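The structure appears right after this line, and notes come after that.
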Amino acid sequence: MTGEAARQAFLQWLGQERRASPLTVEAYGTDIAGFLGFLTRHLGAEPDMRALAGLRTADFRAWLADEAALGKVNATRARHLSAVKSFFRYLARRHGVANAGLTLLGSPRVRPPVPRALQPADARAVASDIAEMSDIAAMQARDTALFTLLYGCGLRIAEALALDVRDAPLPGAEAPLRVTGKGAKQRIVPVLPAVRAAIAAWLPYHPIGQPDAPLFVGARGKRLDPAVAQRTLRHFRRLNGLPEHATPHALRHSFATHLLAGGADLRSIQELLGHASLSTTQRYTSVDEAKLLEVWRRAHPRGKTQSL
């Protein structure tokens with residue numbers, strides 16, 4: 001079996017048996033294809049199963065060095081290495097292709113990025129004014145509902161777009177929103193009245209309206225593509241002078257950061273965001289500390305002196 005055939009088998013297993021999302025399968029496929037492409041150049045021929053089993057730690061290090069020479073940062077190389085390790089674990093379990101050289105390879109050090117939240121006024125402006133990007137009433141209502149949901153409930157864009165009409169939280173209902181996140185894990189998220197009102201205003205324009213229809217649809221009635229939402233917000237931020245990190249995911253960061261600033265505890269924020277580990281949520285304390293430090297630098301006499 002060639003390395004490419006093994007890659008295709010791995011991706012099929014990942015999608016069908018492990019039930020990974022299509023985006024995850026696509027990302028793994030791209031990362032492993034890049035690795036196999038390097039091996040073809042490095043070894044002088046397309047690798048087969050025997051060649052994969054015989055790779056040494058030095059070969060894997062040569063691949064990571066090649067990635068670094070191409071300008072790939074540590075976070076990217078660490079992600080690629082993780083994909084390759086998953087690939088080799090699959091090969092060992094399903095095809096008996098074990099490679100000890102990979103187990104000796106450490107991952108490039110990655111400093112966890114500090115989430116970049118928007119100012120509260122900017123986050124509210126996205127939710128309230130995003131309708132300005134269209135002259136069509138239906139698209140105005142849809143985009144207002146979507147971005148109000150992202151900021152009001154802290155959802156990932158993929159989580160919001162995976163909702164169906166039957167999931168819509170409507171005014172007058174007390175039931176929270178049930179969200180399916182990463183790894184098909186479900187969580188319960190309370191819904192603000194403003195979010196319920198925005199979704200209720202969108203539903204009369206919904207072209208299908210059946211319970212099993214996607215809650216947010218595109219021009220052709222299919223589930224809305226995340227790239228469309230990202231493009232809409234990109235145009236909005238540039239027209240309104242918002243920072244370049246104003247993205248759909250930044251609204252999720254803003255949700256968490258503003259809750260923390262308002263006195264919410266980390267454990268509650270962890271549950272609302274659906275983080276598996278509290279350490280992931282603790283990154284938001286860094287955002288708050290950075291803000292406090294900036295206030296100190298602006299207000300404290302010594303801070304003013306040192307900034308000159």
### Query
Any idea which residue in the stretch 139-157 is nearest to F216 (Cα to Cα), counting only those that are of a type in the set (G, A, S) and at pLDDT 95 or above?
A145
### Query
Given F255, F236, which one is in the same structural domain as A125 (by TED's automatic domain parsing), surrounded by 14 or more Cβ atoms within 10 Å (Cβ to Cβ), aromatic (F, W, Y) and under 17 Å from the mean Cα position of the chain (by Cα)?
F255
### Task
Being surrounded by fewer than 20 Cβ atoms within 10 Å (Cβ to Cβ), under 19 Å from the mean Cα position of the chain (by Cα) and free of Cβ contacts under 8 Å to residues at least 60 places away in the same chain is the filter here, so list the residues in the stretch 163-182 that pass it.
R178, T180
### Summary
Restricting attention to the stretch 124-156, the residues that are surrounded by fewer than 16 Cβ atoms within 10 Å (Cβ to Cβ) and within 22 Å of P171 (Cβ to Cβ) number exactly 4
### Query
Which residue pairs have Cβ atoms under 7 Å apart, sit 6 or more places apart or on different chains, and have a first residue in the stretch 80-102 that is touching a residue at least 12 places away in the same chain (Cβ under 8 Å) and a second that is crowded, with 16+ Cβ neighbours inside 10 Å and not in a helix (DSSP H, G or I)?
F88/N99; L91/V97; N99/L55; G101/L55
#### Entry: Single unsatisfied condition, K85 versus (1) modelled with pLDDT of 90 or more; (2) in contact with a His (Cβ under 9 Å, 6 or more places away or on another chain); (3) charged (D, E, K, R)
(2)
### Message
Anything in the stretch 239-252 that is more than 20 Å from the chain's Cα centre (by Cα) and hydrophobic (A, V, I, L, M, F, W, C)? List them, or say none.
### Response
L239, L242
### Message
Testing V114 on (1) crowded, with 18+ Cβ neighbours inside 10 Å; (2) in contact with a helix residue (DSSP H, G or I) (Cβ under 6 Å, 6 or more places away or on another chain); (3) not basic (K, R), one condition comes back false. Which one is that?
### Response
(1)
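The values are calculated or read from the model by the stated rules, or taken from the named source; none is laboratory data. What you see is a predicted model; the values in this text were computed from it and never measured. Cβ sites come from the backbone with ideal geometry, for glycine too, and all protein chains shown count toward neighbours.
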